[in-house]
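K.L.:
Attaching a single structure in structure tokens format; questions to follow.
The values are calculated or read from the model by the stated rules, or taken from the named source; none is laboratory data. Please read these numbers as outputs of a predicted model, since none were measured by experiment. Because the Cβ atoms are built from the backbone with ideal geometry, glycine has one as well, and the counts that use them run over all protein chains shown. In case anyone asks, the SASA skips ligands and DNA or RNA and just uses the protein heavy atoms, side chains included. Shrake-Rupley method; radii C 1.70, N 1.55, O 1.52, S 1.80 Å.
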Amino acid sequence: MPGTLVLLSVLFSLLHIAEGQTFNWGHCLDPPVQENFDVTKYVGKWYEIEKLPANFEKGICIQANYSLKENGKIKVINQELRSDGTINQIEGEAVQADSALAKLRVSFYWAMPSSPYWVLSTDYENYSLVYSCTTFIWLFHIEYAWILSRTPQLQPETLERLKNLLHSYKIDTGKMRPTDQMNCPPEM
């Protein structure tokens, strides 16, 4: 009985962590990633168009900027405009995780484990579809998905095609939310 109470307590604590996230029972999905991924074509600025909810993103005008570092890793700078008008910025580092070059791992804090950043599809010039998922204690997982664009807007047909691709991988697109990219400060 005490073991069950401890397990339930841990589960409820983890559910609180998962608040505002896309929470699902079971293990993470394993969708295919972009073939022949070329990180040198991928670097540069990307605007967030739509996403599955993420409690670490609370603003608007969300962007990511990637650049290659001399050590072969990828510098990641994420920015968002907060409701008080300030720009929130965080810097991290990504590395290619294994032989599947489109499976990266990104880390923003040295004390935190890195997170998956899988590029499912990109044409490098217009759009990118990114997926991330972490399994917790073999019981449930939290997943994220982002539709990114090189410009603040994306053609509706492209957006729909990318959401259909996520859906074909059994990723629930019903919870996706658009990111406001209107009236963003030019200094971002």
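K.L.:
Any idea what the relative contact order of region 77-134 is, in percent, if you count C-alpha pairs under 8 Å spaced at least 6 apart? Could the numbers behind the result be given before it?
P.N.:
Details: 90 pairs, mean separation 11.5, N = 58.
Across region 77-134, relative contact order equals 20 percent.
K.L.:
Show the residues, 5+ positions off or on another chain, whose built amide H is closer than 5 Å to the amide H of Leu104.
P.N.:
Ala97, Tyr117, Trp118, Val119
K.L.:
Same structure again: Compute the angle between helix 156-168 and the longest alpha-carbon principal axis of the chain, please, reported from 0 to 90 degrees and rounded to the nearest 10.
P.N.:
Helix 156-168 sits at roughly 30 degrees to that axis.
K.L.:
How large is the dipole of region 65-188 about the Cα centre if only Lys and Arg carry +1 and Asp and Glu carry -1, each at its Cβ, rounded to the nearest 20 debye? Walk me through the numbers before you get to the answer.
P.N.:
On the way: 12 positive and 14 negative charges, 60 e Å.
That gives a dipole near 280 debye.
K.L.:
Assuming 0.36 nm per residue, please report the length gained on full extension of the stretch Phe108 to Leu139 beyond their Cα-Cα distance. All intermediate terms of the calculation are to be shown ahead of the outcome.
P.N.:
Numbers: separation 31, 0.36 × 31 = 11.16 nm, distance 2.55 nm.
Here the segment from Phe108 to Leu139 would lengthen by 8.6 nm.
K.L.:
Hey, if we sort Leu101, Leu81, Leu162 by accessible area with the 1.4 Å probe, largest down, what's the order? Kindly include the intermediate steps, with their values, before the conclusion.
P.N.:
Values: Leu101 75, Leu81 25, Leu162 0 Å².
Putting Leu101, Leu81, Leu162 in descending order of accessible area: Leu101, Leu81, Leu162.
K.L.:
Next up: Could you please put Val76, Val43 in sequence from largest to smallest accessible area, using a 1.4 Å probe? Please report the intermediate quantities before stating the final value.
P.N.:
Details: Val76 5, Val43 40 Å².
Result, largest first: Val43, Val76.
K.L.:
How much mean residue ellipticity at 222 nm does the chain get from its helices, if each DSSP H run of length 4 or more adds -39500 (n - 2.57) and you divide by all residues, to the nearest 500 deg cm²/dmol? Can you show the working numbers first?
P.N.:
Details: 3 runs with 33 residues, N = 188.
So the calculated ellipticity at 222 nm is -5500 deg cm²/dmol.
K.L.:
Could you sort the peptides 172-182, 141-151 by per-residue average Cβ neighbour count (10 Å cutoff), highest mean leading?
P.N.:
Packing order, densest peptide first, comes out as 141-151, 172-182.
K.L.:
What is the local net charge at Ser107, summed over the other residues whose Cβ is closer than 15 Å to its Cβ (Lys, Arg +1; Asp, Glu -1)? Walk me through the intermediate numbers first.
P.N.:
Details: positive: Lys69, Lys73, Lys75, Lys103, Arg105; negative: Glu91, Glu93.
Neighbourhood net charge equals +3.
K.L.:
Now for a separate question. So for Glu35, Glu91, what's the accessible-area order with a 1.4 Å probe, most first? Spell out each step's value before the answer.
P.N.:
Values: Glu35 140, Glu91 100 Å².
Correct descending sequence by accessible area is Glu35, Glu91.
K.L.:
How large is ³J(HN,Hα), in whole Hz, for each residue of region 47-54 in order, when computed from phi with the Karplus curve 6.51 cos²θ - 1.76 cosθ + 1.60 and θ = phi - 60°, using x for Gly and Pro?
P.N.:
9, 6, 9, 9, 7, 6, x, 9
K.L.:
Further, regarding this structure: Among Phe140, Phe37, Phe56, which one shows the biggest mean-square fluctuation in a GNM of the chain, springs joining Cα atoms closer than 10 Å?
P.N.:
Sorting by GNM fluctuation, first place goes to Phe56.
K.L.:
Between Ser83 and Arg150, what's the calculated FRET efficiency when r is the beta-carbon distance and R0 is 25 Å? Round to 0.05.
P.N.:
Numbers: r = 26 Å, r/R0 = 1.05.
Computed FRET efficiency for Ser83 and Arg150 comes out at 0.45.
K.L.:
Rounded, prolate or oblate for region 129-188? Axes are the square roots of the Cα gyration tensor eigenvalues, ordered a ≥ b ≥ c, and the cut-off for rounded is a/c under 1.5. Walk me through the intermediate numbers first.
P.N.:
Numbers: a/c = 3.02, a/b = 1.63, b/c = 1.85.
Judged from the Cα gyration tensor, region 129-188 comes out oblate (a/c at least 1.5, b/c at or above a/b).
K.L.:
List the lysines whose alpha-carbon lies under 23 Å from that of Lys69, not counting same-chain residues fewer than 8 positions away?
P.N.:
Of all the lysines, those that pass the test against Lys69 - Cα under 23 Å, at least 8 places apart if same chain - are Lys41, Lys45, Lys103.
K.L.:
Given 0.36 nm per residue, what is the gain on full extension from Glu35 to Glu70 after removing their alpha carbon distance, in nm? Spell out each step's value before the answer.
P.N.:
Working: separation 35, 0.36 × 35 = 12.60 nm, distance 2.46 nm.
Stretched fully, the Glu35-Glu70 segment lengthens by 10.1 nm.
K.L.:
Quote the relative contact order of region 118-160 in percent (integer), defining contacts as alpha-carbon pairs under 8 Å separated by 6+ residues. Each step should come with its number before you reach the end.
P.N.:
Working: 56 pairs, mean separation 14.4, N = 43.
About 33 percent, as a whole number.
K.L.:
Could you work out how far helix 2-17 tilts from the main Cα principal axis of the chain, as a 0 to 90 degree angle to the nearest 10?
P.N.:
Result, in degrees: 20.
K.L.:
Sticking with this one: GNM, the chain, Cα, under 10 Å: largest mean-square fluctuation among Trp46, Trp110, Trp25?
P.N.:
Trp110
K.L.:
While we're here: If you build a Gaussian network model of the chain, linking Cα atoms that sit under 10 Å apart, which residue out of Ala97, Ala54, Ala111 swings the most?
P.N.:
Top of the fluctuation ranking is Ala111.
K.L.:
Which GluC sites (Glu not before Pro) in region 44-88 sit in a loop by DSSP (not H, G, I, E or B) and have at most 15 other Cβ atoms within 10 Å of their own Cβ? The partial results should precede the final answer.
P.N.:
Working: sites: Glu48, Glu50, Glu57, Glu70, Glu80; in loops: Glu57, Glu70.
Within region 44-88, the qualifying GluC sites (Glu not before Pro) (loop, at most 15 other Cβ atoms within 10 Å) are Glu70.
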